[in-house]
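Engineer: Here it is: the structure, laid out below.
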Amino acid sequence: MLIFVTGGVRSGKSSYAQQRAKELSHAPIYVATAKIWDDDFLERVKRHQDDRGPEWTTYESYQDLHLLPIEDKVVVIDCVTLWLTNFFMDHDSDVALSLASFKKEIDQLLLLKGKFIIISNELGMGLHADTEIGRKFADLQGWANQYVAEKADEAVFIVSGLPLLLKKA
């Protein structure tokens, strides 16, 4: 089962995904896909960590998430944007290669048994990037989101902390 949770920055996506995971399991798993690049981002990560209780098992992985011990579990993957950044950097900002690698990982995850809640950002709903690389990444993010939403059993858009159901299989 795949649940896709998307929305803007600070819209309540992570809180919603974590609550759903706790409804589905007494021992959910959290997979963090971020690399910490500065003190400000470290503080954001700490806020997310503080939101989770002792019932959570946390893994940090930048790629190859399907290799983690997550089969037959309820797993929150946070988030597509940071996960894509890893591909984008590894592939020297090549959108096509990054998207192909991301799709391959999604497909590998979907071969596993379990319930996966994947969080993403809707970058295209914010300011238009003023650099070419920013626009390339926003395009990549949009295509990646479309791919996950297509594969998802359920898709939820979070706005102002409120969930709007987009898709239910």
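Engineer: Mind telling me which of the residues Val95, Val159, Val148 ends up being farther than 23 Å from Ile29 by Cα and in contact with a strand residue (DSSP E or B) (Cβ under 8 Å, 6 or more places away or on another chain)?
Structural biologist: Working: Val95 fails: in contact with a strand residue (DSSP E or B) (Cβ under 8 Å, 6 or more places away or on another chain); Val148 fails: farther than 23 Å from Ile29 by Cα.
Exactly one of Val95, Val159, Val148 is farther than 23 Å from Ile29 by Cα and in contact with a strand residue (DSSP E or B) (Cβ under 8 Å, 6 or more places away or on another chain), namely Val159.
Engineer: From the list Gln63, Gln18, which residue is assigned to a loop (DSSP other than H, G, I, E, B), at pLDDT 90 or above, under 13 Å from the mean Cα position of the chain (by Cα) and not charged (D, E, K, R)?
Structural biologist: Gln63
Engineer: Just for strands (runs of 3 or more DSSP E) wholly inside region 97-169: which have at least 2 residues that are surrounded by fewer than 16 Cβ atoms within 10 Å (Cβ to Cβ)?
Structural biologist: 162-168
Engineer: Of the residues Phe137, Phe116, which single one is more than 23 Å from Ser15 (Cα to Cα) and hydrophobic (A, V, I, L, M, F, W, C)?
Structural biologist: Answer to the selection: Phe137.
The values are calculated or read from the model by the stated rules, or taken from the named source; none is laboratory data. Quick caveat, the model's predicted, so the values are computed rather than measured. Neighbour counts run over all protein chains shown; Cβ positions are idealised from the backbone, glycine included.
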